[in-house]
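Step one of this worksheet: look at the structure below.
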Amino acid sequence: SALLEMAGVRKTYATGAVAVEALRGVDLTVDEGDFVAIVGPSGSGKSTLMHIIGCLDVPTQGRYALGGEDVSSMTEAQLADVRNRRIGFVFQQFNLLPSMTAERNVALPLMYAGVPRAERAQRAREALERVGLGDRTHHRPGELSGGQQQRVSVARALVTNPTLILADEPTGNLDSRSTTDVLGLFHALHDAGRTIVLITHEAEVAAEARRVVRITDGLLTEETPAHAAGAPV
Ligand code: ADP
Ligand code: ADP
């Protein structure tokens, strides 16, 4: 069933006398358990779309529903609540707190959710085990490789058991080996039934997803992923 439904979404930024239409009528449906990559060049509207999908901003026009909740006209406080309950964010820059151990970084979203301390620590350790870092729970980000830091941030995204994992250029700061590593992790999460939306400007990263959607000048078109066309023998 549809987890994410966007219809006729427009986003206009008014800067002084000039209005920029960053999204010009976007329709997008993502089913539960799907793995979708959104690709496009710089300036095409990816960040704007990411912010709307992630309930960090609302459309100027059109409808957006996440998990059956209409989020398109929610207040800031309501959006924050939807983000905390439904979305696990993964960022290019990892956004880990350098003074905290991996376990405490992963536990942070649970603190905001009001989960008691002992349960937070337990669930953080479990999430770190799921990303293959069960033996790094007391390391700080500076003691981990880039790929391992991104795994910690994936664990942080998973720990609240979100409806949607939203990853914004998650491999943008990684070398090719760590990129392969992190993409393998997304595959495993998809196989485990997670819904993933990944935003990237790298075609080879997008090719790992089950569906590829291209954004050009504020409009979406569906593409056939390379692997679906069948690999040459
Ligand atoms: P991308 O992430 O693909 O680079 P963006 O969503 O950041 O694209 O930008 C899409 C368009 O909207 C661009 O023309 C950009 O300059 C414009 N834009 C983005 N954010 C703002 C803003 N806060 N104010 C005004 N214009 C913006
Ligand atoms: P960049 O794409 O430049 O690396 P980020 O992906 O780190 O930027 O962040 C994108 C935007 O989302 C930023 O404006 C950031 O402040 C905002 N943001 C990130 N995480 C959250 C969150 N959990 N709640 C609210 N806003 C967030």
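Looking at the chain only, what percent of DSSP beta bridges run antiparallel? Nearest 5 please. Write out the running numbers ahead of the final one.
Working: 23 of 41 bridges.
Antiparallel bridges make up about 55 percent of those DSSP assigns within the chain.
On a 0 to 90° scale, report how tilted helix 117-130 is relative to the longest principal axis of the chain, with both axes built from alpha carbons and the result rounded to the nearest 10.
Around 80 degrees separate the two axes.
Against the longest principal axis of the chain, how steep is helix 102-112, in degrees 0 to 90 to the nearest 10, with axes from Cα atoms?
Computed tilt is about 60 degrees.
For region 40-179, what is the convex hull volume of the alpha-carbon atoms per residue, in Å³?
In region 40-179, the Cα hull volume divided by residue count equals 122 Å³.
Go through region 51-66 residue by residue and turn each phi into a ³J(HN,Hα) via Karplus (6.51, -1.76, 1.60, θ = phi - 60°); whole Hz please, and just put x for glycine and proline.
5, 6, 4, x, 6, 8, 8, 10, x, 6, 8, x, 10, 9, 10, 10
Once you have the Cα-Cα distance between Glu126 and Leu219, take 0.36 nm times their residue separation minus that, and quote the gain in nm to one decimal.
Taking Glu126 through Leu219 to full extension adds about 29.5 nm, to one decimal.
Between helix 76-86 and the chain, what is the angle of the helix's C-alpha long axis to the longest principal axis, kept within 0 to 90° and rounded to the nearest 10?
With both axes taken from Cα atoms, the answer is about 60 degrees.
Bear in mind that the values in this text are calculations on the coordinates, not laboratory data. A quick note: this is a predicted structure, and the numbers were derived from the prediction, not measured.
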